[in-house]
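Some notes on the structure that comes next.
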Amino acid sequence: RRIIKFDEKLKNIIEEFARHELSPEDAEKIGHIRKRVAQAMQIVDTARGAKGISLRRVTRNGVPSVIGGKKELLPRHKEKLLATLKARFEENMNRHEGIKWSHVLAKLEANPKKLWSLNEMERTGGEPDVIEFEKKTEKYIFVDCSEESPSGRRVLSYDRDGEENAIAHGYGTRGNAVDMAKAMGIAILTEKRYRELQKLGSFDCGTRSWIRTSRKRRAFGFALSGVCLKGNCEVFVAGGSEPTLSRAFRGMLKV
């Protein structure tokens, strides 16, 4: 019912302003409603666990996998996620030679919040997998290894400044990569990590991924974006406000 109401509200606003030239205020209204509808659609697939919580409150800081405050998976979701991660680990041994799944599993079992973050990566199409064991910290590094940029994180500006600028100009952004990564408990890949990932296969041959960008570069309005062109990893600058259907971001998580 809530999603239907949001849909109706969106249609009414679009019809109301369709007859006029959109002002920045009107464009911002439409952009805000589009974002809320996208969040509402994702809520349908999340685990239920708290009655009486409004959609506005639930989506205030993004769309969680578990509603109710705790960033922990329900037993059945945990079991399903671990089975998925194990199968992917065993199918792609070239990504983590010399690493045993039993050791990774022990780390995961001891860190329920990390499992929650991995589930967010999985839920949004990242297909996370282990690519390294960091001896200095004694932690395993998971990275989004989906063939193309995660489908559940597309149409995002780079950061909040980019998102606000996109809304002001009437772009249909669904949020921003920096805030989403923070909400998921993961880090956006650096250029170095992105290039290391590309050595393990060909990723983003048809899409692009936001890459962590310094504040100095962002001050000029630009953000880094990566892609695989003709088998080569390329990193270039793009407008941080540009949300596109072909660009998301890849994340990293240490466990």
| For Asn111, net neighbour charge (Lys/Arg +1, Asp/Glu -1) across residues whose Cβ lies under 13 Å away | +4
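Starting from the stretch 75-116, pick out the GluC sites (Glu not before Pro) whose DSSP state is loop and whose Cβ has at most 10 other Cβ atoms within 10 Å.
For GluC sites (Glu not before Pro) across the stretch 75-116 that sit outside H, G, I, E and B with at most 10 neighbouring Cβ atoms in 10 Å, the list reads Glu97.
List the trypsin sites (Lys or Arg not before Pro) within the stretch 151-221 that DSSP assigns to loop and that have no more than 12 neighbouring Cβ atoms inside 10 Å. Walk me through the numbers on the way to the answer.
On the way: sites: Arg153, Arg154, Arg160, Arg174, Lys182, Lys192, Arg193, Arg195, Lys199, Arg208, Arg212, Arg215, Lys216, Arg217, Arg218; in loops: Arg154, Arg174, Lys199, Arg212.
Passing both the DSSP loop test and the Cβ count: Lys199.
Rule-based calculations on the coordinates, nothing more; no lab input. Computed from a predicted structure; not experimentally measured. So basically every Cβ, Gly included, is an ideal-geometry build from the backbone, and we count neighbours across all protein chains shown.
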